[in-house]
Amino acid sequence: MTTIETVSEQRCFEGMQGFYTHASAVCGGPMRYAVFLPPQAAQGPVPVLWYLAGLTCTAETFTIKAGAQRVAAELGLALVMPDTSPRDTGLAGATGDWEFGEGAGFYLDATQEPWTSRFRMYSYVVDELPRLVAERLPLDMNRQGLFGHSMGGHGALTIALRNPHRFRSVSAFAPIVAPSEVPWGQKAFSRYLGDDRDAWAAYDATALVKGGARFGGTILIDQGEADTFLVNQLQPQRFETACEDAGQKLELRMRPGYDHSYYFIQSFIEEHLRHHAAALTA
Ligand SMILES: N[C@@H](CCC(=O)N[C@@H](CSC=O)C(=O)NCC(=O)O)C(=O)O
């Protein structure tokens, strides 16, 4: 069994907020993640909700900024927050640009050198970390949901669309819905995946829906209308059109006055947690 090192554990709303590190076989080095266990976990396995964070974020960002624990404790949901990439890789070009490399793993498995040995966040989030937490924590892995923000919203949508039987619920705050078509995604995908755009489609929510991927429940998205990334990077209408054409159920809520920040996420976190709880605790 992989050794887990506890960085910290603190009582929170009668549950426990922890930060942990472990040696990741998939990412070839140490990885950090956070878990909130609600008080109900003392009685038995609880549903688990994965949160994938955005560019520049760590396992701490959502944990300390979103204010999710109070309602997660009420609803009996465990929260798992992975980091957004491997760290201290020592690879030239992996630091110094907030849109690429460390802090910008894009929840994909890189196929190009030198990234392919370390930047494997798709397999880390889909396979390695779930196995590791399921072995140690009272989590009901038959009741999993997934959500995320921006780059992490892209991760949540693509992972749910590719694994619809694993996840009962999915939602996103201001997701990158069509990375192949916008500067953030084009920069990252060309470096991690190379120039073959067919390889990009597996990590593009809009392309996945156009290609036939479906999620069983309603996909929930909140998007701020005052988000400075809305026009150049996020473009939710691309996903909305693809879902309409495909008959994929989507609730896209445009929120006047809200930007891209964690103040926006704080404002709607309770609605997202209740959306997931409705599917996970039914
Ligand atoms: N360059 C800026 C902006 C970085 C930023 O806005 N990051 C977002 C995610 S963007 C898409 O994935 C974020 O969530 N930041 C964390 C936060 O606490 O707001 C910078 O370096 O700050």
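Numbers below:
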quantity: Residue count for region 181-196, restricted to those that are open to solvent by 10 Å² or more (accessible area, probe 1.4 Å) and under 14 Å from Met151 (Cβ atoms); calculated: 3
quantity: Odd one out for Gly247, checked against (1) touching a Phe, Trp or Tyr at 6+ places or on another chain (Cβ under 6 Å); (2) without any contact (Cβ under 8 Å) to a residue 40 or more places away in the chain; (3) not aliphatic (A, V, I, L, M); calculated: (1)
quantity: Selected residue (criterion: least open to solvent (accessible area, probe 1.4 Å)) from residues of region 56-84 that are free of Cβ contacts under 8 Å to residues at least 60 places away in the same chain and within 12 Å of the ligand (Cβ to nearest atom); calculated: Thr63
quantity: Members of region 259-273 found to be touching a Ser or Thr at 6+ places or on another chain (Cβ under 7 Å) and either within 13 Å of the ligand (Cβ to nearest atom) or among the acidic types (Asp, Glu) (or both), listed by number; calculated: Asp259, His260
quantity: Any chance Ala42 is surrounded by 24 or more Cβ atoms within 10 Å (Cβ to Cβ), away from the ligand (no atom under 16 Å from the Cβ) and farther than 21 Å from Trp184 by Cβ; calculated: no
quantity: Only one of Leu137, Leu91 that is in contact with a Lys or Arg (Cβ under 8 Å, 6 or more places away or on another chain), away from the ligand (no atom under 16 Å from the Cβ), at pLDDT 95 or above and open to solvent by 20 Å² or more (accessible area, probe 1.4 Å); calculated: Leu91
quantity: Unmet criterion (only one of (1) within 16 Å of the ligand (Cβ to nearest atom); (2) assigned to a strand (DSSP E or B); (3) surrounded by fewer than 16 Cβ atoms within 10 Å (Cβ to Cβ)) for Ala34; calculated: (3)
quantity: Count - residues of region 140-175 that are of a type in the set (Val, Ile, Thr) and either open to solvent by 20 Å² or more (accessible area, probe 1.4 Å) or within 16 Å of the ligand (Cβ to nearest atom) (or both); calculated: 2
quantity: Within region 149-170, tally of residues that are among the polar types (S, T, N, Q) and without any contact (Cβ under 8 Å) to a residue 12 or more places away in the chain; calculated: 0
quantity: Check on Ala53, crowded, with 19+ Cβ neighbours inside 10 Å and within 16 Å of the ligand (Cβ to nearest atom); calculated: yes
quantity: Criterion (more than 16 Å from the ligand (Cβ to nearest atom) and surrounded by 16 or more Cβ atoms within 10 Å (Cβ to Cβ)) met by exactly one of Lys210, Lys249; calculated: Lys210
quantity: Residue within region 228-239 that is open to solvent by less than 60 Å² (accessible area, probe 1.4 Å), within 14 Å of the ligand (Cβ to nearest atom) and touching a Gly at 6+ places or on another chain (Cβ under 6 Å) present; calculated: no
quantity: Qualifying residues in region 98-110 (those that are of a type outside the set (A, V, I, L, M), open to solvent by less than 10 Å² (accessible area, probe 1.4 Å) and part of a loop (DSSP other than H, G, I, E, B)) - the one farthest from Ala199 (Cα to Cα); calculated: Gly103
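The values are calculated or read from the model by the stated rules, or taken from the named source; none is laboratory data. Everything numeric in this text was worked out from a predicted model, so none of it was measured. Neighbour counts are summed over all protein chains in view; Cβ atoms, including those assigned to glycine, are modelled from backbone coordinates with ideal geometry. Keep in mind that these areas ignore ligands, DNA and RNA; they rest on the heavy atoms of the full protein, side chains included. Shrake-Rupley method; radii C 1.70, N 1.55, O 1.52, S 1.80 Å.
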